[in-house]
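Some notes on the structure that comes next.
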Amino acid sequence: MAKSMTLLWGSGSPPCWRVMIALEEKNLQGYNQKLLSFAKGEHRSQEVLDINPRGQLPAFQHGDNILNESYAACMYLESLFKSQGRKLVPDGAAEQALMYQRMFEGLTLHQKLSDVVYYNLKVPEAERLDSALKRNLEALATELTLWEGYMQKMEAGSYLAGKDFSLADITVFPVIAYAFRFGLSAERYPRLGQYNDLMNDRPSVKATWPPHWLESPGSGTLKDL
C-alpha cells in the first residue's frame, strides 16, 4: 500500500515531520519520498506544484488522493489504516475530546513560534520593529507557559493527551521539538522538556529525525524566553 504514496518534504519542517511520523506509526514505510531544499526554492518547483499548487511542503499523494495539509494527511492515514500499526485515536469520548483539543491548540503554538523564529525572514528590514518582536516573544512565552501548565496537570511520563500516544503527539510534538532546537530552556519549562525527551526516544521520531539537525546545531533565539 505504501508504494502508492508519494511524499515531497523538507527537512525540519514541522508539517512535513508530522506526516512522516504518522506514516511510521502506521507501519507504512517504503513510500515514495523526495527530500527538497527550501533554501534552493525547490518547494516551488513544478514537481511540487503538480501536487500542491500552493508551492508548499509537504506535498502528499496517495493514489489519486491528495492531502497537502499535514493535519488532514495524518487524520486520513489514521482513518484509512485504523487497524494497522499504532492506534492513534482513543476510544473514550473524554480522551478523544482532550486529544482533539490539544491537536488544534497546537496550531496556535506553531503560529506564535513562527512569529518569533521567522520574524526577520517575513518582515522587510525597513519595517522591523523591536517592539513588535518583543510582543511576539511575550505572546510565545505566554503560550508556552500554558502548555507547561497542561503538562503539569498530567501524570509523569504522559503524552499530550494522556497515557497513550495519539494524533495530538504527532501533530504538536514537531513544534515543541522546534522550540527546543531554537534554544528553549528545559529548566524553565521542565515538563515540556521531559515530554520532548520522551518523544525523542520514540522509534518513529528517531527514524524521521530531520537530517540537517544531525549536521548542524540549532540557535539560541529562545534561550532567554
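The values are calculated or read from the model by the stated rules, or taken from the named source; none is laboratory data. These numbers were taken from a predicted model, which means no experiment stands behind them. Please note: Cβ atoms are built from the backbone with ideal geometry, for glycine as well, and neighbour counts cover all protein chains shown. Surface accessibility is based on the protein's heavy atoms, side chains included, excluding ligands, DNA and RNA. Shrake-Rupley method; radii C 1.70, N 1.55, O 1.52, S 1.80 Å.
If you go through the stretch 168-187 and pick out every residue that is open to solvent by 10 Å² or more (accessible area, probe 1.4 Å) and in a helix (DSSP H, G or I), you end up with 3.
Of the helices (runs of 4 or more DSSP H) lying entirely inside the stretch 83-167, those carrying at least 3 residues that are at pLDDT below 95 are 119-122, 130-152. Counting just the residues of the stretch 21-47 that are among the polar types (S, T, N, Q) and within 23 Å of M199 (Cα to Cα), which one comes out surrounded by the fewest Cβ atoms within 10 Å (Cβ to Cβ)? Checked the stretch 21-47; the qualifying residue surrounded by the fewest Cβ atoms within 10 Å (Cβ to Cβ) is Q29.
If you take the residues in the stretch 1-38 that are in a helix (DSSP H, G or I) and farther than 21 Å from D164 by Cβ, which one is nearest to the chain's Cα centre (by Cα)? Among them, the one singled out is P14. The set of residues in the stretch 48-68 that are in a loop (DSSP other than H, G, I, E, B), in contact with a helix residue (DSSP H, G or I) (Cβ under 8 Å, 6 or more places away or on another chain) and open to solvent by 50 Å² or more (accessible area, probe 1.4 Å) contains only Q56. Could you look through the stretch 188-203, keep only residues that are over 12 Å from L160 (Cα atoms) and open to solvent by less than 60 Å² (accessible area, probe 1.4 Å), and pick out the one that is nearest to the chain's Cα centre (by Cα)? Per the criteria, the residue is N200.
Filtered by the rule that a residue be in a helix (DSSP H, G or I) and either open to solvent by less than 70 Å² (accessible area, probe 1.4 Å) or not aliphatic (A, V, I, L, M) (or both), the stretch 208-219 gives P211, H212, W213, E215. Restricting attention to the stretch 69-88 and to residues that are open to solvent by 30 Å² or more (accessible area, probe 1.4 Å) and among the charged types (D, E, K, R), the residue that is nearest to the chain's Cα centre (by Cα) turns out to be E69. Of all the listed residues (K40, K82), the sole one being of a type in the set (K, R), farther than 23 Å from P211 by Cα and free of Cβ contacts under 8 Å to residues at least 40 places away in the same chain is K82.
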